[in-house]
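The values are calculated or read from the model by the stated rules, or taken from the named source; none is laboratory data. Since this is a predicted model, take the numbers as computed values, not measurements. Cβ sites come from the backbone with ideal geometry, for glycine too, and all protein chains shown count toward neighbours.
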């Protein structure tokens, strides 16, 4: 896990909200954009950062790309945090 990339991705409130949306189901970029008052390009950049941090995956279906959570990376982050707490 590239922890620095993951933490950087999680630092932004829009990216955290995108992850919250993807908890429920896979969404296309267009469906994600509908939840925010920012440009398509901005959401695209946020999705790129999340993908680069391996927090989300994408899959093409016809002409759409759908995004979903990569829960294994989130589980690794939670394990790391719990280990920090246990060390005190």
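Filter segment 19-34 for residues that are exposed (fewer than 12 other Cβ atoms within 10 Å of the Cβ) and more than 22 Å from residue 6 (Cβ to Cβ); which is nearest to the chain's Cα centre (by Cα)? Walk me through it before giving the result.
Of all residues in segment 19-34, those exposed (fewer than 12 other Cβ atoms within 10 Å of the Cβ) come to 20, 23-25, 30, 34.
Subsequent filtering for residues that are more than 22 Å from residue 6 (Cβ to Cβ) retains 25, 30, 34.
On the way: 25: 13, 30: 15, 34: 16 Å.
For segment 19-34, the residue satisfying everything is 25.
List every residue pair whose Cβ atoms sit under 7 Å apart, with the two residues 6 or more apart in sequence or on different chains, where the first one lies in segment 63-88 and is touching a residue at least 60 places away in the same chain (Cβ under 8 Å) and on the phi < 0 side of the Ramachandran plot and the second, anywhere, is in a helix (DSSP H, G or I) and surrounded by 16 or more Cβ atoms within 10 Å (Cβ to Cβ).
Hits for this filter: 73/6; 77/6.
Pick from 37, 54: which is surrounded by fewer than 15 Cβ atoms within 10 Å (Cβ to Cβ) and either outside any helix (DSSP H, G or I) or within 9 Å of the chain's Cα centre (by Cα) (or both)?
Working: 54 fails: surrounded by fewer than 15 Cβ atoms within 10 Å (Cβ to Cβ).
The unique qualifying residue is 37.
What single numbered condition from (1) touching a strand residue (DSSP E or B) at 6+ places or on another chain (Cβ under 6 Å); (2) not in a helix (DSSP H, G or I) fails to hold for residue 22?
It fails just one condition, (2).
Would segment 70-85 turn up any residue that is in contact with a helix residue (DSSP H, G or I) (Cβ under 9 Å, 6 or more places away or on another chain) and assigned to a strand (DSSP E or B)?
Looking for residues that are in contact with a helix residue (DSSP H, G or I) (Cβ under 9 Å, 6 or more places away or on another chain) and assigned to a strand (DSSP E or B), one finds none in segment 70-85, hence no.
In this structure, does residue 63 turn out to be touching a strand residue (DSSP E or B) at 6+ places or on another chain (Cβ under 9 Å), at pLDDT below 95 and loosely packed, with under 12 Cβ neighbours inside 10 Å? It would help to see each step written out before you state the result.
Working: touching a strand residue (DSSP E or B) at 6+ places or on another chain (Cβ under 9 Å): no; at pLDDT below 95: yes; loosely packed, with under 12 Cβ neighbours inside 10 Å: yes.
It is false that residue 63 is touching a strand residue (DSSP E or B) at 6+ places or on another chain (Cβ under 9 Å), at pLDDT below 95 and loosely packed, with under 12 Cβ neighbours inside 10 Å.
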